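Here's the structure, in structure tokens; my notes come after.
The values are calculated or read from the model by the stated rules, or taken from the named source; none is laboratory data. Note that this is a predicted model, so its numbers are computed, not measured. Neighbour counts are summed over all protein chains in view; Cβ atoms, including those assigned to glycine, are modelled from backbone coordinates with ideal geometry. Heads up: the accessible areas ignore ligands, DNA and RNA and are worked out on the full protein's heavy atoms, side chains in. Shrake-Rupley method; radii C 1.70, N 1.55, O 1.52, S 1.80 Å.
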Amino acid sequence: MLKRISLLTNISFEPYWETYIKDRFSCLSSDIQINAVLYDAYQDNIDNIRFAEIIVVCLNYEAFYTNLSNDISSGKVTYEAVEADCINKCRELYSYVKTHSNASVVWFGFEDYYFPHSSNYGSLLFFDGLVERLNLVLNDMLKEDSFIDFKRLIAIVGMKNAYDTKGKYRWNAPYSKELISLMVDEIYKQHLITTGNTKKCLVLDCDNVLWGGVLSEDGIEGIRLDSCGLGREYQEFQRFLLNLYYHGVILTVCSKNDKSDVLRVFREHSGMLLREEHIASFKVNWSDKPSNIQMIADELNIGTDSMVFVDDSIFEIEAVKSNLPEVTAIRYDRESMYNEFSCFNLKSKVSLSDVEKRNAVYRTNQRREELKQNCSSYEDYIKSLDIKVDIHKVLPTEYSRIAELTQRTNKCTNGKRYTVNAMKERLLLNDVIFYSVSVSDRFSDLGIVGAIEIEKNDLKLFSLSCRALGRNVENEMVNYVLNGHCVRNMEFKLTENNKTLYNILNKSFPNATFCGF
């Protein structure tokens, strides 16, 4: 549960800050401690840094350099000197925060819109792009955390609505409640991204969604899909979908069509940006869509509550809402639908190799199913898969993938979730060992699909990706623990989704005491 958020700043954000934070995060915690730490005294507020789960940094440029424009114009300082001084301040602050805390950092970049001089000499690049250069350095510095383009948020609100002149001169609070509200929304978004709270799978209709027109009526030559004209909106939507794919979203197709016709469009139409290899599952038939969506969920081993469905038909949208209310259903509308995709909370940096391995597993599942049908027993099937499992102590390069795995897994897990920072904090403790589990079979390399954490005689983490289920990997992990550790205590948060794993662990470790966390 989120307990403390600290704001590190050289200005004031009250009276709106605390109210907006509590309102926005109320669904996660009803008792969040909110602290403001002044930049000039941050070393005297160590507890508000050390014990915070989220640290928000927003430093106002004008508060740092109150007479900057005149100092530069008169030759008292140079751009280079100011840039070096500001970067040094930020590096020292960030180093101090990272040394004393494992909190997630959300850092709002500098902005220079508050200087009124554009009315005198026009909208030139202010200070020769000094703020832009500083923000590029900060963005590079905060690779492990979240750097927010503050100028973009101001642009969304509008410069005339972003500032509070009365607040600036009375309380050193220069920003309007509209802008502060948007900042809090962004902090909440970054928290969801950091903790992996996101939808996983996008289910797509084809006609008038991936292309314009009805394939069965217009034929492949008659559908609208190109870089200009009536087909442009569909190609741009595909470009957006491809970006989701590269950031870890599972793309699937659910369409009332003949499958051979749809596959022909994917393979042959020059306007298609999405290709067959980007789609984890095709359910193209004349059956009802709620049933097909449930089949996709079963095939991918994911919950329907992690799925988003897009269709142009109100009838199909309402059918899914009625039969699968946990699925987020979005009607295709080029004017308004993109905002609804905010249910995807995605990391900006994702391993393309992991994405492609995941999709390769899903796309080859049909071949595994065919093999299973041809085997006389489950044991023969497992033997025929030629499964190779590698379990080793986690490497620093694997932290990000392990953290993502714990956040995304809901079925074969004891319920423990980790961020990269939280993992690093745990690994600093004596007697704590994390293990990484990689799997491959005759059809594909599944990559890192499992994780285990042991502390002395306690099993703290047991997590296995849904895409590795059905291969006996969970038993391999159990045997590895049994052979190397004497487990007396087992942390487990029981849910409707992970009962099967609970039964496996309970049987495998009959003398262990199960406890919550």
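Sorting Y435, Y338, Y163 by solvent-accessible area of protein heavy atoms yields Y338, Y163, Y435, largest first, with a 1.4 Å probe.
Of the DSSP beta bridges with both residues in the chain, give the percent that are antiparallel, rounding to the nearest 5.
The answer is about 35 percent antiparallel.
The distance separating the Cα centre of the stretch 286-332 from that of the stretch 175-221 comes to 15 Å.
Write out the trypsin sites (Lys or Arg not before Pro) in the stretch 120-165 meeting two conditions: DSSP loop, and at most 12 other Cβ atoms within 10 Å of their Cβ. The partial results should precede the final answer.
Details: sites: R133, K143, K151, R152, K160; in loops: K143.
The qualifying sites are K143.
Classify the stretch 238-367: rounded, prolate or oblate, from the alpha-carbon gyration tensor (a ≥ b ≥ c, eigenvalue square roots; a/c under 1.5 rounded; otherwise prolate if a/b is larger than b/c)? It is rounded, given that a/c, with a ≥ b ≥ c, falls under 1.5.
Seen against the Cα atoms of the chain and their longest principal axis, helix 130-141 is set at about 40 degrees.
Remark: the stretch 443-450, residue by residue, has Karplus-estimated 3J(HN,Hα) of 9, 6, 8, 7, x, 6, 10, x Hz, where x stands for each Gly or Pro and the curve is 6.51 cos²θ - 1.76 cosθ + 1.60 at θ = phi - 60°. For the chain, the spherically averaged projection of the C-alpha convex hull amounts to 28.7 nm².
Think of a 1.4 Å ball rolled over the protein heavy atoms: the chain then has 48 Å² of accessible area per residue. For C412, the residues 5 or more places off, or on other chains, whose built amide H falls under 5 Å of its own are L464. The distance from the alpha carbon centre of the stretch 1-76 to that of the stretch 488-504 is 40 Å, rounded to a whole number. If the label point is 7 Å along Cα→Cβ of L371, which residues in the stretch 442-464 have backbone nitrogen under 19 Å from it? Answer for this model: 442-450. Of interest is the spacing of the C-alpha centroids, which for the stretch 354-409 and the stretch 240-278 amounts to 23 Å.
Kindly provide log₁₀ I(q)/I(0) values, in the same order as q = 0.10, 0.14, 0.16, 0.24 Å⁻¹, from the Debye equation applied to equal alpha-carbon scatterers of the stretch 148-239. One equal scatterer on each Cα of the stretch 148-239 leads to -0.55, -0.75, -0.80, -1.07.
For the chain, what does the helix formula give at 222 nm: sum of -39500 (n - 2.57) over DSSP H segments with n ≥ 4, over the residue count, nearest 500 deg cm²/dmol? -12500 deg cm²/dmol, from helical runs alone.
With 23 Å as the limit, write out which pairs from K289/K357; K416/K499; K98/K177; K89/K189; K3/K189 have Cα-Cα distances beyond it, or answer none.
Distance filter (> 23 Å) returns K289/K357; K98/K177; K89/K189.
For the chain, the longest principal axis of the Cα atoms and the long axis of helix 177-194 meet at an angle of about 40 degrees. Selection among N135, S351, S12 by position relative to the dipole of the chain gives S351 as farthest towards the positive end (Cβ unit charges, Cα centre).
Between the DSSP loop rule and a limit of at most 13 other Cβ atoms within 10 Å, which GluC sites (Glu not before Pro) in the stretch 240-333 are left?
On the way: sites: E268, E276, E277, E299, E316, E318, E326; in loops: E326.
Passing sites in the stretch 240-333 are E326.
Where the alpha-carbon atoms of the stretch 30-80 are placed on the principal axes, they occupy 52, 22, 16 Å, in descending order. Gain on full extension, evaluated as 0.36 nm per residue between D354 and L427 minus their Cα-Cα distance, stands at 23.9 nm. Rounded to the nearest Hz, the phi-derived 3J(HN,Hα) couplings of the stretch 220-225 under the Karplus curve 6.51 cos²θ - 1.76 cosθ + 1.60 (θ = phi - 60°) are 4, 7, x, 6, 9, 6, where x marks glycine and proline. The GluC sites (Glu not before Pro) of the stretch 362-464 include none that meets both criteria, a DSSP state outside H, G, I, E and B (loop) and at most 15 other C-beta atoms within 10 angstrom of the site's C-beta.
Give the calculated FRET efficiency between E326 and N285 to the nearest 0.05, with a Förster radius of 25 Å applied to their Cβ-Cβ distance.
On the way: r = 23 Å, r/R0 = 0.92.
Result of the calculation: an efficiency of 0.65.
Taking only protein heavy atoms and a 1.4 Å probe, the accessible area of the chain is 47% carbon and sulfur. For R170, project a label point 7 Å along Cα to C-beta. Then give me every residue of the stretch 14-44 with its amide nitrogen under 16 Å of that point. Counting only backbone N, you get 14-17.
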